[in-house]
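What follows is a set of notes on a single structure, which appears directly below.
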């Protein structure tokens, strides 16, 4: 299947679903406060465009900062784990605890500790917590998955630990890291939204808070518009990271090489 069809088929299906949605809402006279039609969502998007774009920028900024911090922290800690079994034994259980602790459970505590007047910092911290573990776990796995015979060969030729890390372990871990980043990018967005819903207040201006206010006021068109923007952000992050993965791997790694038929 060529690239045109791979793009055209999902787009055509999406348009068909929207048209059916519009027709069914009109046919059954579904109230707007229950389920707005796509045309109502479009009108709300146009009328609240400024507010929605400002909120989108806030959510995107928090998501990207949390994601970058998760990648930097996860890779750094994974390297420490790969270099020292003692450090891994001491810290890995706490990383697991951090991962399995529900965000909604610790959001009130962080809100109290950081302050109600700094909700964005609370949201950023919670989004980082959610996004951190996939990078750590995948990178650690990649660093430890190097063929032992290759490590012995490097040592035989007098390579230092730094040379083994930079020329063998890190290149081997790159596909694992990129896979973890694709998961982490989506989780950073989800974490930012859930954190804002759990810890949000009037000082928060992200899409989650817009969604909350719109739902409370029964402005369902605006609520669905905010939800659509969140989905669009998630899709954009996924495709951006997929493009990065292809760009870095397509010349040498089996997962990105084109199969010759």
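Results, tabulated for the structure shown:
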quantity: Rounded to 10°, Cα long-axis angle of helix 220-249 versus longest principal axis of the chain; calculated: 20 degrees
quantity: Between 0 and 90°, nearest 10: helix 49-83 axis offset from the chain longest Cα axis; calculated: 20 degrees
quantity: Full-stretch length increase - residue 29, residue 54 - with 0.36 nm per residue and alpha-carbon distance subtracted; calculated: 5.7 nm
quantity: Gain upon complete extension [residue 22, residue 145; 0.36 nm per residue less C-alpha separation]; calculated: 39.1 nm
quantity: Anisotropy class of the chain from Cα gyration tensor, a/c 1.5 cut; calculated: oblate
quantity: Sorted peptide list for 95-108, 177-190, 152-165, criterion being average Cβ within 10 angstrom, highest first; calculated: 177-190, 95-108, 152-165
quantity: Added length on full extension, which subtracts the Cα-Cα distance from 0.36 nm per residue, residue 163 to residue 100; calculated: 19.2 nm
quantity: For the stretch 53-249: relative contact order, % (alpha-carbon pairs under 8 angstrom, 6 or more apart); calculated: 31 percent
quantity: Label-point gap, in nm, between residue 109 and residue 72 - each point 7 angstrom along Cα→Cβ; calculated: 2.6 nm
quantity: Degrees separating the helix 207-216 axis from the principal Cα axis of the chain, which is the longest one; calculated: 30 degrees
quantity: Where a label projected 7 Å from the Cα of residue 47 along Cα→Cβ would reach, residues of the stretch 8-40 with amide N under 17 Å; calculated: 31-40
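Every read-out reported here was derived from the displayed coordinates using simple, explicitly stated rules and does not represent laboratory data. In this text the structure is predicted, and so the values were computed from the model without any measurement. For neighbour counting, all protein chains shown are included, and Cβ atoms are generated from backbone atoms with ideal geometry for every residue, glycine included.
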